[in-house]
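S.K.: This is the structure, below, for whatever I ask next.
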């Protein structure tokens, strides 16, 4: 049964369905609604909601709850995620699952509260210290805010690693139909957790390994998980790519605008298609290479000064010319604006 | 020894061999004469005495006691510098039956983790904090601590701590005793056997309080660090008794259960109820029973005019007519009486951009919005303007403009608040994008108060009637290409 739902609310609903019964957060625009809605829903279904004294504390509460085997999450925006980076590194290093939402706002510094995608580097490349990765999901609709949140909890448990839902104020504030299929979500047994019981007494959660070889073995173990994730977890979506001459690449809210752009370009005689990464890490490089095989030009559009475009270039490795168009400051380009940019930049190639 | 019970066995709360320690598994990593060994022993014995070993989760900090998990045969969680009270908070709330110990040093608790300890104490978390204060950073090689004494020479206060530069030593017990919520706060010292026995009682008492669900307790333990102090263990212990104790007076700073006001009862819901899966409107038997059409709109006006709600009503109507729909608000820092607008897209196909830069319909609920957005309306589009007539000299030649004085009509009905519903009715009548019955049925779900619902019904009728009777076809410019 469909319901009209806001993106930020859909995240909390997805978390409730996924069995998340612990939310530790700190308010920040434009992510506060997630905390507000979690404050309402999570206690009603018997869970814990706590507004921490800072994002630093919030992420360490996430660490604590995850150590105890809870499905736990937090949500914030750029400045808050910057504060959480130390904790995220510890969570990855200690192999703890958790789900974090970054409703990206304009930066750097205090920036503004309008949508950007400028946390791509800090979320996708890992803003904390050490050799670790976040799995990063980029929803583009209210339905995906829900579905990918449920998926995020599964992935977090499977890889015992932080999973980030990277979105923006537009997808978060947007209302769209949401179809919720009620179902039992099975959670894996967490025999590694520390619960204050006789059965879990021998367990230890830590990220400190003093011996060089022991730490290297640990890093290699993490890396093996990341290799597996790259093998198994890439996700993407395509629109009219089969006969495309120009391939537009964008994620999140941009991919929605690009879908309209593709329609506009096709109406004007240019065969355009859309490639939308759903997982930003692992990046769907194989899928992109396959799709881009027959295109004459690729154009990446982002709400930043060029971040994902680096992954696109790495994936395509010089086989196709890659153009970039970015807006910042909270400006989201209209389809008409991008259409004009595509004609200006790629027409010579097509 | 008279008056003392001599224990010859190692507490079972310790491991027999410290296998997590790479080498020398029979001895600790602590220096000879270090206070940590004594504190560990006191905790382990108290856990055994109280029968808490299986239930215990020890949160170890960053500092010399980072490796507390080498020794304690309990559930162990090692955390980031200063954050033990935060992690302990969530561990305790996740496992209410567990006994959670936050073991911290002076740098960890009183410097980098100041916020965490103050707030955990202020929440009255039912945890036990053991705070080892030796006035210096031991693990990192003797840097100044927030509890270093005035004149104390450390590697980062090479001329001695100066009050003018680093302030005075931080008194954690006194600080936390200013809060209402903690249950038990005591400062003890490890300088002699008498005080060690006092420390033993304090440690056990803190754990007993937690076992009884009594709330937050903190025991500060003044402790020797012979290595950093460059003293032999006996002299270091003496220094604690003669110098450190003078700066940090021993004693009980709090010993009573706080009286907290009762909180509200939180309703219990099933997952289905929480997700509102069963509470949605009933399915319409046959999809697209009514005539509906694709439309993109921008609705704009002052905050407080129900701009965003009007868009949501439209979106909900379209949803119930099995259309695809997107609603995107302008959002900003919380404020009232600013301008507000939203984008609504109604479609029978999957919607691309929810951002509508060239709407087919503009609803301008004030003059500012009319001026701001009229030019963006597509050629052949429609503008609904909340007034009896257009402003002097205004024109938007590409669009058909219909003036509907929705606010005036709403005022006559008795509430300016229903101006948005008057305008919604006018929109439906003018564009036939969605059936008016659908609006009524949505309003019936949204408006619970019967009197207000009646007012909304009247507003729907008034808006429709106004368009039917007062708008003369052809009375306003109707350019070519009028397409819906």
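S.K.: Taking R0 as 60 Å, what's the FRET efficiency between residue A:228 and residue B:150 from their Cβ-Cβ distance, rounded to 0.05?
M.R.: Numbers: r = 56 Å, r/R0 = 0.94.
So the FRET efficiency works out to roughly 0.60.
S.K.: Averaging sequence separations of C-alpha pairs under 8 Å and six or more residues apart, then dividing by the length of chain B, give the relative contact order as a whole percent.
M.R.: Details: 922 pairs, mean separation 45.9, N = 484.
Computed over chain B, the figure is 9 percent.
S.K.: So how do B:321, B:316 line up by other beta-carbon neighbours within 10 Å, fewest first?
M.R.: Ascending Cβ contact count within 10 Å gives the list B:321, B:316.
S.K.: Could you tell me the distance between the Cα centroids of region A:10-62 and region B:1-61, to the nearest Å?
M.R.: 37 Å
S.K.: Percent relative contact order of region A:222-350, based on C-alpha pairs within less than 8 angstrom and at least six residues apart?
M.R.: Value for region A:222-350: 27 percent.
S.K.: Going 7 Å from the Cα of residue B:20 toward and past its Cβ, which residues in region A:54-83 have a backbone nitrogen under 15 Å from where you end up?
M.R.: Backbone N within reach: A:67-68.
S.K.: Return the calculated 222 nm mean residue ellipticity for the protein assembly as shown, to the nearest 500 deg cm²/dmol, obtained by summing -39500 (n - 2.57) across DSSP H runs with n ≥ 4 and dividing by the residue count.
M.R.: The per-residue figure over the protein assembly as shown is -11000 deg cm²/dmol.
S.K.: Measure out, as a whole number of angstrom, how far apart the alpha-carbon centroids of region B:116-190 and region A:230-270 sit.
M.R.: 57 Å
S.K.: Same structure, new question: Taking the convex hull of the alpha carbon atoms in region A:2-232, what volume per residue do you get, in Å³?
M.R.: Convex hull of Cα atoms, per residue: 123 Å³.
S.K.: Let me ask you something else. Suppose R0 equals 35 Å. What FRET efficiency, 1/(1 + (r/R0)^6) with r the Cβ-Cβ distance, do residue A:314 and residue A:243 give to the nearest 0.05?
M.R.: Between residue A:314 and residue A:243 the formula returns 0.85.
S.K.: Report, for chain B, the % of DSSP beta bridges that are antiparallel, rounded to 5.
M.R.: In chain B, DSSP labels about 35 percent of beta bridges as antiparallel.
S.K.: Report the full-extension gain for the segment residue B:358 to residue B:451: residue separation times 0.36 nm, less the Cα-Cα distance, to one decimal in nm.
M.R.: Stretched fully, the residue B:358-residue B:451 segment lengthens by 29.7 nm.
S.K.: Taking a ≥ b ≥ c as the square roots of the Cα gyration tensor eigenvalues, with a/c under 1.5 meaning rounded and otherwise prolate when a/b beats b/c, else oblate, which class fits region A:131-194?
M.R.: Note, shape of region A:131-194 comes out oblate.
S.K.: Could you tell me what fraction of 2.2 N^0.38 Å the Cα radius of gyration of region B:327-430 comes to, as a two-decimal ratio?
M.R.: That works out to 1.11 for region B:327-430.
S.K.: Of all DSSP beta bridges located in chain A, what percent are antiparallel, nearest 5?
M.R.: 30 percent
S.K.: Let me ask you something else. Tally the DSSP beta bridges in region B:35-255 and give the antiparallel ones as a percent, rounded to 5.
M.R.: 20 percent
S.K.: Round to the nearest 10 and give me the degree value, 0 to 90, for the angle of helix B:419-431's Cα axis relative to the longest principal axis of chain B.
M.R.: 50 degrees
S.K.: Whole percent per 10 Å bin, from 0 to the bin with the longest distance: what is P(r) over all C-alpha pairs of chain B?
M.R.: Reading upward from the zero bin: 4, 16, 19, 10, 6, 10, 14, 12, 6, 1, 0, 0.
S.K.: Still on this model: Pull out the extension gain between residue A:349 and residue A:184, defined as 0.36 nm times the separation in residues minus the alpha carbon to alpha carbon distance; nm, one decimal.
M.R.: 54.3 nm
S.K.: Moving on to the next point. Give me Rg/Rg_expected for region A:111-264, where Rg uses Cα atoms only and Rg_expected = 2.2 N^0.38 Å with N residues.
M.R.: This ratio for region A:111-264 stands at 1.31.
S.K.: Please label the shape of region B:35-255 as rounded, prolate or oblate, based on the square roots a ≥ b ≥ c of the eigenvalues of the alpha-carbon gyration tensor (a/c under 1.5 means rounded; beyond that, a/b larger than b/c means prolate, else oblate).
M.R.: Because a/c hits 1.5 or more and a/b exceeds b/c, region B:35-255 counts as prolate.
S.K.: Here's a follow-up. Can you compute the modelled spin-label distance between residue B:163 and residue A:54, with each label point 7 Å from Cα toward Cβ, in nm?
M.R.: Modelled inter-label distance: 2.8 nm.
S.K.: If I fit a long axis through the Cα atoms of helix A:142-159 and take the longest principal axis of the Cα atoms of chain A, what angle between them do I get, 0 to 90°, rounded to 10?
M.R.: 50 degrees
S.K.: Give me the angle, in degrees from 0 to 90, between the Cα long axis of helix B:436-446 and the longest principal axis of the Cα atoms of chain B, rounded to the nearest 10.
M.R.: The two axes meet at around 30 degrees.
S.K.: Given a cut-off of under 8 Å on Cα pairs at least six residues apart, what relative contact order in percent is computed for region A:164-271?
M.R.: Reported relative contact order: 24 percent.
S.K.: Still on this structure, I have one more. Would you mind checking the radius of gyration and Dmax of the protein assembly as shown based on alpha-carbon positions, in Å?
M.R.: Spelled out, the Cα radius of gyration and Dmax of the protein assembly as shown are 31.8, 111 Å.
S.K.: Just check region B:289-470 against the gyration tensor rule for me: Cα atoms, a ≥ b ≥ c as the square roots of the eigenvalues, rounded for a/c under 1.5, and otherwise prolate or oblate depending on whether a/b exceeds b/c.
M.R.: rounded
Any read-out appearing in this document is the output of simple, stated calculations on the displayed coordinates, not a laboratory observation. Because the structure is predicted, anything quoted here is derived from the model rather than measured. Cβ sites come from the backbone with ideal geometry, for glycine too, and all protein chains shown count toward neighbours.
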